[in-house]
Structure formats: structure tokens, C-alpha cells
Amino acid sequence: MSDNSKILLISTNWETSPYPVYPIGMGMVAAALKRAGHQVELFDFLQSGCSFDALKERVAAVRPDVVGLSLRNIDNVNAVNEHRYIDSVKQIAESVRQTSPAPIILGGSAFSIMPEEILAKVGADYGVVGEGEVLMCSFMELLEAGQLPAERILRAPQNLEKDAIPSAYYEPAMVDYYMAHGKTISIQTKRGCDKHCIYCSYPFLEGRNFRMRNAVDVVDDIERLVADREDSYIFFVDSVFNDNGGNYRDIVHEMHRRELCIPWTAYISPGGELDDEMFALMKATGFDAAEIGADAASDIALKGIGKDFTWQDVIDCNDLFRRHGITTAHYYMFGGPGETKETVLEGIENIRNLEQTANFMFMGIRILPGTGLMKIAQREGLVTDKTDIVEPIYYISKEVDRDWLETTLTEGFADKFNCVFPPDALDDKLHLLHKLGYGGTAYDMLIGAGKRKRRKRTT
């Protein structure tokens, strides 16, 4: 293989619920490979219309030395209406095989959660576990030297230091596609999570400490992205935006210093570091919606999934956003450890009483390796050594019957337009709104505040 070898990176995601998401992880790996001097081509399976013919044509045209497949999710974690993605990844790999002799390497957050199992199911040659920026460059160096890795699965020895986390490469045609289908573009300001939620894979994938990117670099990314796109909408995709250390303030202050006002949203933790003064500054930079990670709806259920706040904190957080005119959405999972019929009914009533917010309900909690929930499931016999963990397995408390839970959630929210169960029940309406030119968050459009064509930014 010659120097400056060519690699084709393929985003395998086809999910559009609740809206398409730019493959930012693949973009970061592409940026690292480009800096290392490699020729990098990108292909987005979703952008192609999920066309295997288009995929084969692109592979044939590029004639890559290596093909990388990026896996974002294993499934949609929706027990009521399951979408499973690994079979389609296998089909993509087979299509590549039919067109090119290049080695296929898997990566992405989904692959890193259960690498051995997914590598076996997909039938690729190699896989990278963890942050792929350095690993993919090392892989390419080996191949250029005429060598093959000793192991099929390569693991990052350590996480990148914060200054080494790169800006993503945003391929113009792909950005245009996502702008045309929701107008939302992803930016990452940090990696890691210091929370202890028992179901979450973020700490397993990215570490238990936040690693902040430089605020100047982040805002540079924003300015480049929106320079020629007046109706852009930025989604900060960090596990938690309002970290307790207050590092997120650096991003907001830098945006304010540059007099940027661009509509944006983020994941917010109740009880996190927020106050009225910071809210005013965030609004001045364009902050207009938030996804609040409550995840359970009673004190018992919150404690059962490892949250460090109470339901009163959720109420206070929602009231703070409402007072400042910020659209919010809450996401809840019913059936976790400690859940009973009484806490389910209490949770339904609590959610119904929240004012001016959209609420999305999930039934059961997807069990993933490396989490506290997996240990509980193993102790309770839900998961054994013979269990195929690639197939969706949901934890539902033994105190709650599954059929009763589904019926109770359906009936409990049937008369509330802003309470959605199952969580994808209104996807068709959202896709229609996107086609009509409405952009931004799903919940902003659902509860009325966003039922307008996204306003133009100001600078």
C-alpha cells in the first residue's frame, strides 16, 4: 500500500427518529485522518436514501484501500416499536465486500459497547474500541508499512486529552442534507460524564471525567458551520451541557463575546449549575430549547436508576426554563429498579402536572454491557452467559407487569397532547413539518412554540 492511502468512511445509520443526526463521530475521525495526510472520502447511507446500489457505486468509484463503517446505535431502545440496526450494518459490509477487496474496520459508539459480538455478527475484518481518532491513524500506518494488526479488535490505551479532541470535518453535501431534513447540526464541546446513572453507557465509552474542548475552538466550529447557512440550528450533543464545574460557561461567554446569536439546544441535567444570570446570557446567544435528562418521574424511581436529584429538582428546573421562555422536553423510562405500580401512577401524575413542556415516555430500560443495570440484570437472572446481548433486552421491575405498564402508560397520557407514548408516536408528523421547512427540535414543534419556520440568525 502506498503512502497517503485512501479510506472511505461510511455512516451506517438509517434512523430518522425524531430527526436525522449528522454523524459527528465519523466527522472527527475523518478530520484526524485528513490531518495525518490520508485521502478521506465520506458516504452517508441515510443521505443516499439507504440505497445499496448507491453504496456500491460509491465504493467502486473511490476504490479505497480501507473501508471504515461507523455504528452509532445498536437499536432504538424503544421496547414498544423496536428498530434493530446490526443486520443492516451486516448488509452494508456485504455490499462493500462485493465491490472491493479493501479491509473493513468497524468503529463508533455502538461497536465499542459490545465489540466482539458485533464484529462476529457483521463479519468485518477489524474493529476499533474507544476514541477512533488515534486508533484509525495507527491502523493506517500499519497497513502502509505492509503490516496487519496482531489483533482483530484494537483498543484505545487511553482517552484523548481535552486539547487533543479535534474539530469534526463537516462534509458540505452531508451538511446540506441534514439542514434540509431538520436544519439541526451537531457540535461536541466535551467528552465523558461524571454522573452515575446505572443504565448509561457514556462513562463506559468516554470516561467518568469531563474533558472539555477549548471554547475558542468550539465557537470557531460554530462560525464555520453557519457562515453560509442563515437558518442553522446547533445541537450541543455532550452527555450533559451544564456540568457542575461550570465549564460550559466558557462556551457561552465566548459566543457572547463574538456577538453570536444562533438558535441552539443541549442536554441539561436538573439540579445542575444554572441560574437566572446565566440563563440571560445563554438566551442572548440564541439558546431556545433544552432536553432535560430527568429519566424517571418519582423520587423512588430516580434513586433506583442512580440519579443525584429529586423530583422537586425536576419541577424547579422546568419552572426555571418556563420562566425564561425556553422550550423543554423531558424523557422518562418507566419500569426501572425499584419501580412499583404505585410509583408508576405517581410518576404519571407528576408528569401530567408539569407545565409547558413536552414529555416522551419509554417502557423499560435497555440493558447494556458495562453498566450498573447489567449487573442488576445478571443478579436477577435476566441476563446469563448464554444471552445474546446484541438483541434488545429490557429491564422491567418484577413489581410491574409489562402488559399492565403499557396499558397504564397509554391510558395515562391519552388526553395530553404534549405527553407522547410510545416516544416515536408522532414521528410522521415531525417528518412532514421538516418537509414544510420547519426546523429545530422535535418538542419545540410539538408544543407550539416552534411551529414556525426557523428564524434567521443574527450576528
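Throughout, read-outs are computed from the coordinates displayed, never taken from laboratory work. Since the structure is predicted, the reported quantities are computational estimates derived from the model, not experimental observations. A quick note on method: Cβ atoms are made from the backbone with ideal geometry, for glycine too, and the neighbour counts reach across all protein chains shown.
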Distances over 29 Å make up what percent of all Cα-Cα pairs in the range 6-162? 12
Determine Rg/Rh for the chain; Rg is computed over alpha-carbon atoms and Rh is the Kirkwood hydrodynamic estimate from the same atoms. 0.95
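Tell me, 276, 176 in order of fewest to most beta-carbon neighbours within 10 Å? Write out the running numbers ahead of the final one.
Details: 276 9, 176 12.
With the sparsest Cβ surroundings first, the list reads 276, 176.
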Taking a spot 7 Å from the Cα of residue 227 along the direction of its beta carbon, which residues of the range 21-38 have an amide N less than 20 Å from it? 27-28, 30-32, 34-35
Could you let me know the centre-to-centre spacing of the range 360-408 and the range 108-146, using Cα atoms, in angstrom? 28
Could you state the principal axis extents of the C-alpha atoms in the range 302-384, from the largest down, to the nearest angstrom? 48, 27, 20
Any idea what the relative contact order of the range 242-353 is, in percent, if you count C-alpha pairs under 8 Å spaced at least 6 apart? 27
For the range 119-133, in residue order, the Karplus 3J(HN,Hα) values (coefficients 6.51, -1.76, 1.60; θ = phi - 60°; whole Hz; Gly and Pro = x) are 4, 5, 6, 7, x, 6, 7, 9, x, 10, 10, x, 5, x, 4
Using amide H atoms built 1.01 Å from N in the peptide plane, name the residues 5+ places from residue 68, or on other chains, whose amide H lies under 5 Å from its own. 8, 9, 10, 105
How large is the helix-only mean residue ellipticity at 222 nm for the chain, computed as the sum of -39500 (n - 2.57) over DSSP H runs with n ≥ 4, divided by its residue count, in deg cm²/dmol to the nearest 500? -11000 deg cm²/dmol
Determine which residues of the range 25-51 fall in the zone a paramagnetic label at residue 137 would reach in this model, i.e. backbone nitrogen under 20 Å from the point 7 Å along Cα→Cβ. 25-42
Obtain the nm distance between the two label points defined at residue 380 and residue 284 by a simple spin-label model: each point lies 7 Å from its Cα along the Cα-to-C-beta direction. 4.9
Only Lys, Arg (+1) and Asp, Glu (-1) charged, at Cβ; the range 182-446 dipole about Cα centre in debye: 480
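With only Lys, Arg, Asp and Glu charged, each at its Cβ (+1 for the first two, -1 for the last two), find how big the charge dipole of the chain is about the Cα centre; round to the nearest 20 debye.
760
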Please list the non-local residues whose amide H lies under 5 Å from the amide H of residue 359, H modeled 1.01 Å from N, same-chain partners needing a gap of 5 or more. 330, 419, 420
Starting from the Cα coordinates of the range 182-446, work out the convex hull volume and express it per residue in Å³. 133
Electrostatic dipole magnitude of the range 6-162 [Cβ: Lys, Arg +1; Asp, Glu -1; Cα centre; debye, to 20]: 200
How long are the semi-axes of the ellipsoid equivalent to the range 152-281, from square roots of 5 times the Cα gyration tensor eigenvalues, in whole Å, largest first? 24, 21, 14
Taking H placed 1.01 Å from N in the peptide plane, check which residues at least 5 places from residue 80 or on another chain put their amide H under 5 Å from its amide H. 363
Dipole of the range 182-446, positive end: most advanced residue of 241, 345, 189 [Cβ charges, Cα centre]: 189
How much length would be gained if the chain were fully extended between residue 144 and residue 97, taking 0.36 nm per residue of separation minus their Cα-Cα distance, in nm to one decimal? 14.9 nm
So the FRET efficiency between residue 87 and residue 176, C-beta based with R0 = 41 Å and rounded to 0.05, is 0.90
